[in-house]
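No lab work stands behind these numbers, since they all come straight from the coordinates. Bear in mind that the values here come from a model prediction, so they are computed numbers and not experimental data. So basically every Cβ, Gly included, is an ideal-geometry build from the backbone, and we count neighbours across all protein chains shown.
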Amino acid sequence: MIPDKNVFYKVDIVVIGAGQAGLSAAYNLQREGIKPGKGFVVLDDEFSPGGAWQHRWDSLTLSNVNGINDLPGMAFSDAVNTKETELQANIAIPKYYEQYEKAFGLPIIRPIRVTDVTEQNGRFIIRTNGIQFSARGLINATGTWKTPHCPKYPGWEKFKGKQLHTGEYKNAEEFIGKHVIVVGGGISAIQLLGEISAVTQTTWVARRSPDFRKYEFSPEIGREAVALVEKRVREGLPPESVVSVTGLPITPAIEGMLNKGVLDRKPMFKEIIETGVRWEDGTTLDADVIFWNTGFRHSLNHLAPLKLLNDKNGIQISGKLATQVAKDPRIHLTGYGPSASTIGANRAGRIAAIELIEFLKL
């Protein structure tokens with residue numbers, strides 16, 4: 001049966017996204033007495049639990065993943081044997097999320113994709129590719145995984161080899177015997193450069209070299225970095241990544257890459273040619289693969305009709321943990337700015353739920 005696009009299911013709050021921040025928000029809405037179904041629903045465009053984790057590359061295991069934080073009310077170790085450190089993150093964490101959703105009976109509807117959100121008569125109209133919704137408040141927890149940033153350099157369409165983004169990567173074995181140009185200067189680019197360079201020939205290209213620092217990352221450094229990102233979004237500026245503030249600590253793995261000469265950065269090329277790339281000075285390099293590790297953008301296109309962006313190309317954020325949209329306090333953005341981390345997502349979900357309940361007087 002095809003849903004009627006003109007019939008709207010009324011709820012108080014709609015949560016968009018069932019990743020860590022979305023699950024945290026859902027748990028806390030329920031804990032604060034908002035009834036599942038009539039009071040709130042969670043809309044998720046995945047076919048199964050796990051959020052973006054189910055799409056991560058195969059070599060990302062529990063031993064090298066960059067932090068797994070327990071969701072509120074249920075520890076990761078309650079669902080997964082954490083002693084098995086070589087378990088793939090793209091299997092173990094979705095398993096945890098699935099058990100979490102079932103344990104608390106969270107009202108998650110999937111797969112359903114939100115196409116746009118508008119306002120009508122004081123309520124939000126959430127249009128989807130399935131059931132349509134009308135809500136008084138909105139918690140957006142869509143993250144960034146669905147909007148990869150891949151700059152299309154001149155000649156993009158001419159390249160005869162393969163081009164892919166971080167979000168499409170599975171393992172290094174598929175590149176054995178091929179020359180891979182790894183593009184990007186963030187943590188994913190460095191990690192995957194190390195992995196791929198161990199099995200085949202690589203060339204590293206980035207606009208600038210990462211800020212490698214000889215220090216051990218600590219909670220204090222993390223808090224200072226988050227505070228700087230929070231300051232930006234409270235001023236309505238586009239958020240920057242926490243890594244751009246903290247730099248990259250020189251781990252033993254990075255130390256090894258530096259010693260082997262793997263981190264010999266080439267400047268960004270000018271254009272792409274059929275067989276590879278060409279720099280400003282006319283130098284060319286043949287390659288079989290161009291691997292773009294150029295980051296992601298916040299998945300907020302569905303909110304465009306609400307005109308939240310300002311003339312600085314940012315969204316001014318307020319609230320206790322910088323999740324509340326200053327222009328419209330009925331909207332909270334979790335996973336945006338300072339809450340775009342596994343550490344910040346839990347607290348952001350909790351505070352967003354509490355502040356929205358208070359504002360709507362539920």
Requested in this report: Please arrange Asp45, Asp311 by counting, for each residue, the other beta carbons lying within 10 Å of its beta carbon, fewest first.
Outcome: Asp311, Asp45
Query - Average Cα contact separation per residue, the stretch 135-291, under 8 Å, 6 or more apart, as relative contact order % - result: 34 percent
**Report entry** Expected 222 nm ellipticity per residue - DSSP helices of 4 or more, -39500 (n - 2.57), all of the chain, to 500
**Finding:** -7500 deg cm²/dmol
Report task. Provide the per-residue ³J(HN,Hα) series for the stretch 248-254, in order, calculated from phi with Karplus coefficients 6.51, -1.76, 1.60 and θ = phi - 60°, each as a whole number of Hz, with x at glycine and proline positions. Result -> 10, x, 7, 7, x, 5, 5
Report summary line: Among GluC sites (Glu not before Pro) in the stretch 69-134, those in a DSSP loop whose Cβ has at most 11 other Cβ atoms within 10 Å are Glu84, Glu86
Report summary line: Within the chain, the percent of DSSP beta bridges that are antiparallel, given to the nearest 5, stands at 40 percent
Report summary line: Once amide hydrogens are built 1.01 Å from N within the peptide plane, the residues lying 5 or more places from Leu62 or on another chain with amide H under 5 Å from its amide H are Leu87, Ala89
Query - Taking Thr147, Thr115 and counting other C-beta atoms within 10 Å, the order from fewest to most - result: Thr115, Thr147
Query - For Ser134, residues with placed amide H under 5 Å, excluding near neighbours - result: Tyr9, Lys10, Val11, Ile126
Report summary line: Total charge of the residues flanking Phe47 in space, meaning their Cβ is under 14 Å from its Cβ, with Lys and Arg +1 and Asp and Glu -1, is -2
Requested in this report: Among Gln163, Leu193, Ile176, pick out the residue whose Cα is farthest towards the positive end of the charge dipole of the stretch 145-205, where Lys and Arg carry +1 and Asp and Glu carry -1 on C-beta, about the Cα centre.
Outcome: Gln163
Report task. Distance between Cα centroids, the stretch 299-350 to the stretch 1-52: provide it in whole Å. Result -> 18 Å
Query - Built amide H within the under 5 Å cut-off of Asn69, gap 5+ - result: none
Query raised in the report: Taking neighbour Cβ counts within 10 Å as the exposure measure, how do Arg207, Arg127, Arg265 sort from fewest upward?
Result: Arg207, Arg265, Arg127
Report summary line: Out of Ile109, Val205, Gly276 - ranked by how far each Cα lies towards the positive end of the dipole of the chain, with unit charges on the beta-carbon of charged residues - the top one is Ile109
Query - ³J(HN,Hα) computed for each position of the stretch 99-114 - Karplus, 6.51 cos²θ - 1.76 cosθ + 1.60, integer Hz, glycine/proline x - result: 5, 5, 4, 5, 4, 9, x, 5, x, 9, 9, 7, x, 8, 10, 7
Report summary line: Computed over the stretch 13-144, the distribution of all Cα-Cα distances in 5 Å bins, rounded to whole %, is 2, 10, 20, 22, 18, 13, 8, 5, 2, 1, 0
Query raised in the report: How large is ³J(HN,Hα), in whole Hz, for each residue of the stretch 226-238 in order, when computed from phi with the Karplus curve 6.51 cos²θ - 1.76 cosθ + 1.60 and θ = phi - 60°, using x for Gly and Pro?
Result: 4, 4, 5, 5, 4, 4, 5, 6, 5, 8, x, 8, x
Query raised in the report: Which whole-number percentage describes the relative contact order of the chain, with Cα contacts under 8 Å and a sequence gap of 6 or more?
Result: 23 percent
Report task. State, to one decimal in nm², a quarter of the convex hull surface area for the C-alpha atoms of the stretch 275-362, i.e. the direction-averaged projected area. Result -> 9.5 nm²
Query - Charged-residue dipole, Cβ positions (Lys, Arg, Asp, Glu), the stretch 89-137 about Cα centre, Debye nearest 20 - result: 60 debye
Query raised in the report: Which value, in Å³ per residue, describes the convex hull spanned by the Cα atoms of the chain?
Result: 159 Å³
